[in-house]
Amino acid sequence: MTKRVAVLISGGGSNMVSLLRDMTGDHPCRPCLVVSNVPDARGLAKATDFAVCTAVVDHTTFAKDRAAFEAELQNVLVTAAPDIICLAGFMRILSAGFTAQWQGRMLNIHPSLLPKYRGLHTHQRALDAGDSHHGCTVHEVTAELDGGPILGQARIAIDDGDTPDTLAAKVLPYEHQLYPAVLRRYAAGDHTPIYLGV
Ligand code: GAR
């Protein structure tokens, strides 16, 4: 049976677009909702272009009450009844209580070769460490930030003269390949990691 996928974004939504573009034809999934915590996230209009329903749960209207924000996010998601949730540039940390409700059904893409560089500023941190390689990871979401089981990684070489911006620009096209490939496999029940790149 076709699986319903909700995509959570905070910004431009290029990973979301790569997922939506792939969910056609023989794909085991179809998108049911795109949710943003940022009302003017550019990705919302792109979702509408794909005729996918959108919703906004603006975290700023909940001040510092994360529980209330997550309760509203949960309401919106439960109404859409997704089988799988894809975090795609969703820049809010989700509590253990929230992630537990979707454990085994929520994926995230992160711009580093996890377990290296959980959290922010991953490109700068890879450069500061003098790493020879960098990349991105798709993983299952658990209570541990960027810590769940790895479902795929794409690796690129870091070249002399790379900056955080050039690294981000090199990694992003791999994100766009990796995330749809992982989602297809995951939705079919196969959790074997996918490895792309060098
Ligand atoms: C992507 O590089 C994604 O890996 C990163 O944000 C960017 C979103 O771009 N996610 C994180 O840093 C999550 N910790 P997009 O909105 O164009 O998909």
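The values are calculated or read from the model by the stated rules, or taken from the named source; none is laboratory data. Please read all numbers here as calculations on a predicted model, not as lab measurements. Positions of Cβ are generated from backbone atoms using ideal geometry, with glycine treated the same way; all protein chains shown enter the neighbour counts. Accessible surface areas use protein heavy atoms only, side chains included; no ligands, DNA or RNA. Shrake-Rupley method; radii C 1.70, N 1.55, O 1.52, S 1.80 Å.
A compact table of results
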{"quantity": "D40 accessible area, 1.4 Å probe, all protein chains in place, Å² to nearest 10", "calculated": "120 Å²"}
{"quantity": "Virtual spin-label span in nm between A143 and V198, 7 Å along Cα→Cβ", "calculated": "4.0 nm"}
{"quantity": "Net lengthening on full extension, R30/A129 (0.36 nm per residue, minus Cα-Cα)", "calculated": "31.6 nm"}
{"quantity": "Charge-dipole axis of the range 39-198 as Lys and Arg at +1 and Asp and Glu at -1 on Cβ define it, positive-most pick from F98, A88, P39", "calculated": "F98"}
{"quantity": "Relative contact order (%) - criterion: Cα under 8 Å, at least six apart; region: the range 1-125", "calculated": "28 percent"}
{"quantity": "The chain: angle of helix 66-80 to the longest principal axis, Cα-based, in degrees nearest 10", "calculated": "70 degrees"}
{"quantity": "Crossing angle, helix 164-187 versus the chain [Cα axis fit, 0-90 degrees, rounded to tens]", "calculated": "50 degrees"}
{"quantity": "Percent of beta bridges antiparallel (DSSP, the chain, rounded to nearest 5)", "calculated": "35 percent"}
{"quantity": "Residues with amide H under 5 Å from that of T142, placed H, sequence gap 5 or more", "calculated": "G147, G148"}
{"quantity": "Net dipole in debye of the chain [+1 Lys, Arg Cβ; -1 Asp, Glu Cβ; about Cα centre; nearest 20]", "calculated": "400 debye"}
{"quantity": "Cβ charges +1 (Lys, Arg) and -1 (Asp, Glu), total dipole of the range 56-167, debye", "calculated": "280 debye"}
{"quantity": "Cα→Cβ-extended label distance, 7 Å offset, between M1 and D40, nm", "calculated": "4.2 nm"}
{"quantity": "Whole-number D in µm² s⁻¹ for the range 50-193, Kirkwood Cα-pair radius fed into Stokes-Einstein, 10 °C, 1.306 mPa s", "calculated": "97 µm²/s"}
{"quantity": "Distance (nanometres) between label positions extended 7 Å along Cα→Cβ at R118 and V76", "calculated": "2.6 nm"}
{"quantity": "Length added when fully stretched, A68-D83, from 0.36 nm per residue minus Cα-Cα", "calculated": "3.1 nm"}
{"quantity": "nm² value of the averaged projected area, convex hull over the Cα atoms of the range 150-198", "calculated": "3.5 nm²"}
{"quantity": "Long-range tail of P(r) for the range 1-135 (Cα pairs > 20 Å, %)", "calculated": "49 percent"}
{"quantity": "Translational diffusion of the range 40-114, µm² s⁻¹ [Kirkwood Rh, Cα pairs; Stokes-Einstein; 37 °C; 0.692 mPa s]", "calculated": "238 µm²/s"}
